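Accompanying notes for the structure given below.
Read-outs throughout are calculated quantities, based only on the coordinates presented, and are distinct from any laboratory measurement. Every value quoted in this text rests on a predicted model; they were computed, and no experiment measured them. Here the Cβ positions follow ideal geometry from the backbone for every residue, glycine too, while neighbour counts run over all protein chains shown.
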Amino acid sequence: MKKIGILFGMENTFPNAFIERVNSKAVDGIIAEAVSIDKVVQADPTEYAVIIDRISQDVPFYRAYLKNAALSGTAVINNPFWWSADEKFFNNALAEKIGVPVPKTVLLPSRERPENTSETSFRNLAYPMAWEEIFQYVGFPAYMKPHDGGGWKSVYKVVNPQDMWHKHQETGHLVMMLQEEVVFDDYFRCYCIGQKDVLIMPYEPRNPHHLRYAAEIKATGEEREKLLETVRDYTMKLNVALGYDFNTVEFAVRDGIPVAIDFCNPAPDADIYSVGPDNFEWVVEAAANMAIERAQKHVPGQSNLTWGTFVKDAIGTPQMAAQSTAAPAPEPSAKEVKVKSVAPKKALKPVEDKGFETITEPAPKIPTKKAAATKAPAENSKLKKS
């Protein structure tokens, strides 16, 4: 008997409906249930062929449990190793590389230094940063949001540099990103299940949470059909590249072009009271079919995780393959090893307006005087304060 487990927290409607749907199909040798954990021993397999993860982003104990389970062969959905490494800023960069339009976005250092760091920890951070270039690239108004966040938490709309400095003071240790505002005509949220089933849902993020799915597509006729086809194509591209089997992607449509806004939602909202009965029915059925298929393909004792093409292509590059097949270079014997003393490198420091003089072993250039890792431009910055 192969078990499909679902790991969840506060949500009620989707997990119970998912379990009932899998079991109602009466597939020979497969049952579904809520995951039960009574102990976690290193390298011990679980009793589950498949686990649907809906909560580990909030419970580190569960994330560690799922990694241990995956090591012993459980098909964890979504891959806990990739989920742990993924974040929104990287997603944007990857989307740009694979040809999916995204808003102009830059990464910002945290307002406060991380714990167990000092001013010297930031010696590689230029001070001041190229704020004028950053602001010209992104433009205003813009949105400032955590580079690895979700659920619309700690999201700020900023209208100018001074507004950004003021609101950035509230972000503490969060690493933020600054992203251009996309004024849209249509907006979509798309489920993608098993990297093959896509449901495109009209969505209005400016509505109250329970009314966000109460929206209609504004595009009509041939324009509408072309738009939906492009949205579906972009949704598939992103999920195949990232390796997610259960995810949502959001698009803001600007001048007929779908711009990917948010596509790192590996435990997406699936509550009947927010997504509505029709969307709920679709996601329950698609998730049940996907989980059953993964259970049927499950091979005990081997890796049954899904990895995106970003990772798989990197592992399979010709350079890597050549290195793995070539005979290793002989290690030098003790007699062959030579140690050469190197004089300290010289560095240049400015001397008023008269040019530069050389100094040996300069003290690190500290980017901040206070606890903050970033601050408003210095008086001599090219960025004019208004």
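Structure above, values below:
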quantity: Those aspartates and glutamates that a straight Cα-Cα span of less than 20 Å connects to residue 297, excepting residues fewer than 8 apart in one chain; calculated: 28, 33, 47, 53, 197, 245, 285
quantity: Fewest-first sequence of 144, 1 by Cβ atoms within 10 Å of each Cβ; calculated: 1, 144
quantity: J(HN,Hα) series, the stretch 69-78, from Karplus relation 6.51 cos²θ - 1.76 cosθ + 1.60, nearest Hz, glycine and proline x; calculated: 5, 5, 4, 9, x, 5, 7, 8, 10, 9
quantity: Ranked by how many other beta carbons lie within 10 Å on average, peptides 290-298, 68-76 from highest; calculated: 68-76, 290-298
quantity: Cα centroid separation - the stretch 169-221 against the stretch 1-32, whole Å; calculated: 28
quantity: Mean-position separation - Cα centroids, the stretch 134-160 and the stretch 56-125, in angstrom; calculated: 18
quantity: Charge sum, other residues only, whose C-beta stays under 10 Å from residue 139's C-beta, Lys/Arg counted +1 and Asp/Glu -1; calculated: -1
quantity: Local net charge near residue 3, Cβ-Cβ under 9 Å (Lys/Arg +1, Asp/Glu -1); calculated: -1
quantity: Per-peptide average of other Cβ atoms within 10 Å, ordering 158-164, 300-306, 114-120, 194-200 highest first; calculated: 194-200, 158-164, 300-306, 114-120
quantity: Sorted by Cβ neighbour density within 10 Å, fewest at the top, the residues 89, 140; calculated: 140, 89
quantity: ³J(HN,Hα) computed for each position of the stretch 244-251 - Karplus, 6.51 cos²θ - 1.76 cosθ + 1.60, integer Hz, glycine/proline x; calculated: 8, 9, 8, 7, 10, 10, 10, 10
quantity: Cut-off under 5 Å, modelled amide H: who pairs with residue 177 long-range; calculated: 108, 145, 147
quantity: Packing-based ranking, highest mean first, of 181-190, 99-108, 233-242 given that Cβ atoms within 10 Å are counted; calculated: 233-242, 181-190, 99-108
